[in-house]
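Peer 1: Encoded as C-alpha cells, here's the structure I'll be asking about.
Every number in this text was worked out from the coordinates using simple rules, so none of it is lab data. Keep in mind it's a predicted model, so treat the numbers as computed, not measured. Backbone-built Cβ (ideal geometry, glycine too); neighbour counts: all protein chains shown.
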Amino acid sequence: MFGSETWLADTVASANSDDDFSKAAEHFDGSIALEIGEQTVWLKIYRGEIIDTEPYVPQFGATFRLTGNEAAWQQLAAGDMSFSQALYETAIRSSGNKLEANRLRDAIELFVRHLQENTTDSTAEMEVAE
C-alpha cells in the first residue's frame, strides 16, 4: 500500500514508543478504522497504546472512521499534505463519533507523522518505479 509490506507494523511500533502519542491517546478506549481506498486498517487503542490491528473492521465496529481514496493517503504518507489539510480539503473525511475523532486529533496527527517517517523512503521509491 505505501511501498512497504511492514508500513503498519513499523508505524504502530513507532507511535507506541512516542511519549507524545501516548499522552494524546491516554484516555481513549476505542478503535479507528482507516479506509484507504478499497483497503481497511483497524486500530484498537487503549490507554495511549495501539494494542491491536486488523485488515478489516471487527463485528463490534469502530469508534470512528477516517476515509479517503488511496491517492489522498499516499499524499499524507509522502508528507505532501498534512492531516489537517486533508480534512480541510475533504480528501480525508471522518464519520462515526465526531466527539472522539476531534478529541483524538493530536494523536491522529502524531500517527500520521509516524506514518510519514516510516513510509517516506518507500513511497519515493514506489513513485520512481511507476
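Peer 1: Can you work out ³J(HN,Hα) from phi for every residue in segment 21-27, in order, using Karplus 6.51 cos²θ - 1.76 cosθ + 1.60 and θ = phi - 60°, giving whole Hz and x for Gly and Pro?
Peer 2: Once rounded to whole Hz, the list reads 4, 4, 5, 5, 10, 5, 9.
Peer 1: Once R0 is set to 25 Å, what does the formula 1/(1 + (r/R0)^6) return for the Cβ-Cβ distance between Glu109 and Thr6, expressed as a FRET efficiency to the nearest 0.05? Don't skip to the answer; put the middle values down first.
Peer 2: Values: r = 22 Å, r/R0 = 0.89.
Using R0 = 25 Å, I get an efficiency of 0.65.
Peer 1: For every other residue with a beta carbon closer than 13 angstrom to the beta carbon of Ser22, add +1 if it is Lys or Arg and -1 if Asp or Glu, then tell me the sum. Spell out each step's value before the answer.
Peer 2: Numbers: positive: Lys23, Arg47; negative: Asp18, Asp19, Asp20, Glu26, Glu49, Asp106.
Result for the neighbourhood of Ser22: -4.
Peer 1: Exposure proxy check: Arg65, Arg47 ranked by fewest other beta carbons within 10 Å?
Peer 2: On the way: Arg65 20, Arg47 11.
Listed from fewest to most nearby Cβ atoms, that is Arg47, Arg65.
Peer 1: Can you give me the distance in nm between label points at Ala71 and Lys98, each placed 7 Å from the Cα along the Cα-to-Cβ direction?
Peer 2: Output for this residue pair reads 2.7 nm.
Peer 1: Measure nothing fancy, just the Cα-based angle from helix 7-16's long axis to the longest principal axis of the chain, in degrees from 0 to 90, nearest 10.
Peer 2: It is inclined by approximately 40 degrees.
Peer 1: Could you give the C-alpha radius of gyration of segment 1-52 expressed as a fraction of 2.2 N^0.38 Å, taking N as the number of residues it contains? Present the calculation step by step, with values, prior to reporting the outcome.
Peer 2: Details: Rg = 11.5 Å, N = 52, 2.2 N^0.38 = 9.9 Å.
Rounded to two decimals, the normalised Rg is 1.17.
Peer 1: Just grab the label-to-label distance for Asp20 and Tyr88, each label 7 Å out from Cα along the Cβ direction, in nm (one decimal).
Peer 2: Label-label distance for Asp20 and Tyr88, simple model: 1.9 nm.
Peer 1: Report relative contact order for the chain in percent, whole number only (criteria: Cα-Cα under 8 Å, sequence separation at least 6).
Peer 2: On the way: 214 pairs, mean separation 37.0, N = 130.
Relative contact order here is 28 percent.
Peer 1: With the Cα gyration tensor of segment 7-121 giving a ≥ b ≥ c as the square roots of its eigenvalues, does the rule (a/c under 1.5 for rounded; else a/b larger than b/c for prolate; else oblate) give rounded, prolate or oblate? Walk me through the intermediate numbers first.
Peer 2: Numbers: a/c = 1.32, a/b = 1.12, b/c = 1.18.
Note, shape of segment 7-121 comes out rounded.
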